[in-house]
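To keep things clear, I will list the structure first and then write my remarks on it.
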Amino acid sequence: MAIKITGTGSYIPNNVAKNEDFIQHEFLNEDGTSINHHNDIIIKKFKAITGIGERRYAEDHHNTSDLAFFAAQKAIKDSKIDQEDLDYIIVGHNYGDVKHNTEQSDTVPSIGSRVKHLLGIKNPKCVAYDVLFGCPGWNEGLIQANAFIKAGIAKKCLVIGAEALSRVLDKHDRDSMIYSDGAGAVVLEETNEEGGILNHESATYALDEAHFIYFGETNNQAVTDQRKYIKMYGRKIYEFALNHVPPALKSCLDQSGYQIGDLKKILIHQANEKMDEAIVQRFYKLYNMEMPKGIMPMSIGKLGNSSVATIPTLLDLILKGKLEGHSINKGDIVMFASVGAGMNINAITYKF
């Protein structure tokens, strides 16, 4: 018996925002002063560091719960289960439903309950709830679903990662170009096959690191409204990730019983291309190895950073043959890894 992903789905919004669309933005420093570079230089440097050329934004009439619902429908269909048999719906997100051109996040009822409502599930014993765990929220939801099934209190779980970060962006902050919208979902259930989730590792560093990603005011000090936006200390996050994520990955893999040479893919949260590459390179250096070519699929160049949605979306694209040059086959050992607000880290070793 194994606890395995039996269906995947994702929703990628149609609205494409290209880097050149930011050329007329007024980017400012945190203290409100002007940045001493033209926007074309800012954008060129941004592309070189993050690898992002474009990102996706939700339609004005769609919220996080809508994106989650769209991805969930696809995952349920792919798994061929009856949605009434779901025991849990677990949704990783961070900002709830923020309607277009509004200031307040709406988190009551939960995104999980909203998705269950939109799916039209009648079974009251299908429990729906949310996980707020930064960008690693989908991973953590998968870890929780796995625990429920192992404990015998669930048989089928729907785990979703969804975010509409375009609703919490400060247009005067150049970091805002990183973020995007989207959703990914999987059905996790007990099967008669071998493999599935082999083991996992999670950690929260909050003594000094809790506020590396936070909600703050706009960089434009002439704006008087009280709206808050997603903010981050990029250099601190980069150093934190490079120091803490590689050993967490090593610990997770070592405890799985498999060797580094068995690893076929690392599906890492699509945070920043240079940072992700540096994390994986350091991970391999812990084994005195060079990072293998093709080990780290990337979608960030076209889709940006959609937080909790990046890993399940990436997984769905690969399994559906939509990410050129990458495939996952039966028996492959794969790792899911993420780092984000909290500061939280997690990793999962999985056998397909």
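The values are calculated or read from the model by the stated rules, or taken from the named source; none is laboratory data. Worth saying up front: this structure is predicted, and the values here are computed from it rather than measured. Please note: Cβ atoms are built from the backbone with ideal geometry, for glycine as well, and neighbour counts cover all protein chains shown.
Observations on the structure shown:
- Unmet requirement for residue 211, which otherwise passes all of (1) assigned to a helix (DSSP H, G or I); (2) free of Cβ contacts under 8 Å to residues at least 40 places away in the same chain: (1)
- Residues in region 198-236 that are of a type in the set (A, V, I, L, M, F, W, C), surrounded by 16 or more Cβ atoms within 10 Å (Cβ to Cβ), modelled with pLDDT of 90 or more and closer than 20 Å to residue 133 by Cα: 203, 212, 213, 232.
- Subset of region 197-212 [farther than 16 Å from residue 245 by Cα and touching a Phe, Trp or Tyr at 6+ places or on another chain (Cβ under 7 Å)]: 197, 198
- Within the option set 121, 160, being assigned to a loop (DSSP other than H, G, I, E, B), closer than 13 Å to residue 69 by Cα and touching a residue at least 12 places away in the same chain (Cβ under 8 Å) holds for one residue only, 121.
- Checklist (1) surrounded by fewer than 20 Cβ atoms within 10 Å (Cβ to Cβ); (2) among the small types (Gly, Ala, Ser); (3) free of Cβ contacts under 8 Å to residues at least 60 places away in the same chain applied to residue 96, failing item: (1)
- Region 277-334: number of residues that are in contact with a helix residue (DSSP H, G or I) (Cβ under 9 Å, 6 or more places away or on another chain), of a type in the set (D, E, K, R), surrounded by fewer than 24 Cβ atoms within 10 Å (Cβ to Cβ) and part of a helix (DSSP H, G or I): 2
- For residue 239, the conditions (1) in the same structural domain as residue 11 (by TED's automatic domain parsing); (2) surrounded by fewer than 19 Cβ atoms within 10 Å (Cβ to Cβ) are fulfilled apart from (1).
- Looking only at region 250-275, residues that are over 21 Å from the mean Cα position of the chain (by Cα), in a loop (DSSP other than H, G, I, E, B) and among the polar types (S, T, N, Q) come to 1 in all.
- Of everything in region 181-207 that is in a loop (DSSP other than H, G, I, E, B) and more than 23 Å from the chain's Cα centre (by Cα), the residue that is nearest to residue 306 (Cα to Cα) is 207.
- Evaluation of residue 80 against (1) free of Cβ contacts under 8 Å to residues at least 60 places away in the same chain; (2) on the phi > 0 side of the Ramachandran plot; (3) surrounded by fewer than 19 Cβ atoms within 10 Å (Cβ to Cβ) (one fails), failing number: (1)
- Meets criteria (surrounded by fewer than 20 Cβ atoms within 10 Å (Cβ to Cβ), farther than 29 Å from residue 277 by Cα, in the same structural domain as residue 150 (by TED's automatic domain parsing) and free of Cβ contacts under 8 Å to residues at least 12 places away in the same chain) for residue 87: no
- Of all residues in region 115-144, those that are over 15 Å from the mean Cα position of the chain (by Cα) and not aromatic (Phe, Trp, Tyr) total 15.
- Among strands (runs of 3 or more DSSP E) entirely within region 5-114, having at least 1 residues that are under 24 Å from the mean Cα position of the chain (by Cα) and basic (Lys, Arg) singles out 15-18, 54-57.
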